[in-house]
1. May I ask you to order A:318-327, B:16-25 by the average number of other C-beta atoms within 10 Å around their residues, highest value first?
2. List the residues of the stretch B:41-70 whose backbone N lies under 12 Å from a point placed 7 Å from the Cα of B:I4 along the Cα-to-Cβ direction.
3. Net charge within 13 Å of A:L254 by Cβ-Cβ distance, Lys/Arg positive one each and Asp/Glu negative one each, not counting A:L254 itself?
4. Starting from the amide H of B:D6, placed 1.01 Å from N in the peptide plane, find each other amide H under 5 Å away whose residue is 5 or more places distant or on another chain.
5. What does the C-alpha gyration tensor say about the overall shape of the stretch A:204-302? Classify as rounded when a/c is under 1.5, otherwise prolate if a/b is larger than b/c, or oblate.
6. Filter the cross-link list A:K152/B:K70; A:K162/A:K367; B:K22/B:K50 down to pairs whose alpha-carbon distance in this structure exceeds 18 Å.
7. As I understand it, the dipole of the stretch A:270-370 uses +1 on the Cβ of Lys and Arg and -1 on the Cβ of Asp and Glu, about the Cα centre. Which of A:L294, A:M324, A:V352 lies farthest toward its positive end?
8. With label points built 7 Å along Cα→Cβ from the Cα atoms of A:F272 and B:R21, find their separation and express it in nm.
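Every number in this text was worked out from the coordinates using simple rules, so none of it is lab data. Quick caveat, the model's predicted, so the values are computed rather than measured. With ideal geometry, Cβ positions are generated from the backbone for all residues, glycine too; neighbour counts draw on all protein chains shown.
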Amino acid sequence: MEGGESMTTFKNFFATRWGIISVGAFIGVFAPLLQKWGNPANMGICVACFERDIAGTLGLHRAAVVQYMRPEIIGFVLGSLVAAYAFKEFRARAGSAPIVRFVLGAFAMIGALVFLGCPWRAMLRFAGGDGNAIFGLLGLIGGIWVGTLFLKGGYNLGRSQKTHTSVGWLLPLTMLGFLVLMFIFPQVQGQEKSGVLFYSQKGPGSIHAPLLVSLLIGLCIGFLAQRSRFCTMGAIRDFVLFRQTHLLSGVIALVVVAFITNLILGQFHPGFEKQPVAHTMSLWNFGGMVLAGLAFALAGGCPGRQLFLAGEGDGDAAVFVLGMIIGAGFAHNFGLASSPDGIGPNGIAAVVMGLGSCLFIGFTMRKEIA
Amino acid sequence: MSTIVDARGLSCPQPVILADRKIRELGKGVLEVLVDTETSKENISRLAQKTGWNVEVKKTEDHYCLVLRKE
């Protein structure tokens, strides 16, 4: 009797085990396909890299090789917005420690750029045969594990408040504005700048799938991820904290399906040396992701999840996203980001500072909630 | 008399942590959890069902009240 009644709480298919697995599998098919259709190798989707490219096209940093308005990111937010409205889940809320989320976003980006990828790309790199990703994934798990210790110790970001609908619309509107900018100032062959936007002539920023393909896949993933609450950080966190495998099954589906898709497309190249947009400094592949993982855990979501939350009206997640974009500016302006040659000149200092900042936040925000 | 956990306005995974703590503390009985997002509703329902609690969802204007029961 209980079983029958309890099932009524799961009207949303995507919130079921098979729902989250199908969403992970969807990403696992289309991320490698995006590579085949033009995105950089092992970078079909990388939230950190793509937000960094957006920071570049806007001129927030001048690293000439990573400047492009990635439509996937725009699609993630707008797809989530559409899903949230379609299922009456759009709920404007804000006010839960926004400055903390900004700082966590900035350091999450810096950590991710020391490794060269967000958790999504860490998995895609692994599924493409890049052995260096193993150290990144281990770092990610380590950082999240530290985050769960803070969560168990009472760490929290405080409550958000329900607010004006327009508050929840601001990040989606910003993304829409970015898309409009891209149409007003489209890429011109051989030109480094089109109107106000910078466009890479070489390097990963110059390698991309056709705009509409990227946008459409981004919209689909945004829609599905909003429905399923797909989160790479949450997958590991929930397993560590509660031994729950719900989100984890989606992430495993992503890795397995991406691996199979890469095999079929001839994109699986196992090894450590000369992997695309990657370096072999294992300690800092690990260390960068410890920082990113801890920052994601303290902020309550992986970079993808923060975009989906922002799409459904979460103004605090939106601040995290802005923190990541600004963090990318710092990462390249200050020589913190890695390159295939290895870590940047100030990368180590930034990881140490970032870890210190995260520990400060974790230790000082532990007031129990009444 | 039921115990109430107010997890409104809290982001992941706080609502689940608070509910989980209370579920362990009570062992059985009636527990009301207030949440305001679909995600928290699903997460707490999943946790409760896994631990053998029956879940009834009451929707009010701006939040959900999850009534968890275990004999």
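1. The packing order, highest mean first, is A:318-327, B:16-25.
2. Inside the label zone: B:65-66.
3. Neighbourhood net charge equals +2.
4. B:L34
5. Oblate, since a/c reaches 1.5 and b/c is not below a/b.
6. On the way: A:K152/B:K70 25 Å; A:K162/A:K367 22 Å; B:K22/B:K50 15 Å.
Exceeds cut-off: A:K152/B:K70; A:K162/A:K367.
7. A:V352
8. 4.3
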